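Have a look at this one before I ask anything.
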Amino acid sequence: MLKRCEVIMREVCASIRTELREFNGETDHVYLLVHYPPKVALSKLINSLKGVSSRYLWAEYTGRINWTGMGGQCSGPAPTSQDHADVSPCRGGTDRRAG
């Protein structure tokens, strides 16, 4: 799932003229280093990354992964771009500094 998440995030960055320079992650969160020009609003960048990746990952992995088996972090409804969670489709283990 991390490889797919990286592909999605690279596509999102390219679509808004930013560059994903580094990507790393674990089962419940990801680390990103993004280079973006000053004309791109940071809030737009974060909302795009979170919203698009969340929608794609939920659509592609629902039914194939036991979300509740991950420490209960992934139970409940899918997050939206309004949620203050990291880019992972899980609600637990978030880094609130980034959102």
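The values are calculated or read from the model by the stated rules, or taken from the named source; none is laboratory data. Just so we're clear, the structure is a prediction, and the values are computed from it rather than from any experiment. Cβ coordinates were reconstructed from backbone atoms using ideal geometry, including for glycine residues, and neighbour counts include every protein chain displayed. Note: accessible area is taken over every heavy atom of the protein model, side chains too, but ligands, DNA and RNA are not part of it. Shrake-Rupley method; radii C 1.70, N 1.55, O 1.52, S 1.80 Å.
Need pairs with beta-carbon distance below 7 Å; first residue within 19 Å of residue 43 (Cα to Cα) and polar (S, T, N, Q) and within the range 6-25, second in a strand (DSSP E or B) and open to solvent by less than 90 Å² (accessible area, probe 1.4 Å); sequence gap 6+ or separate chains.
18/34
Can you tell me how many residues within the range 12-30 are modelled with pLDDT of 95 or more and open to solvent by 100 Å² or more (accessible area, probe 1.4 Å)?
Looking only at that region, the number is 2.
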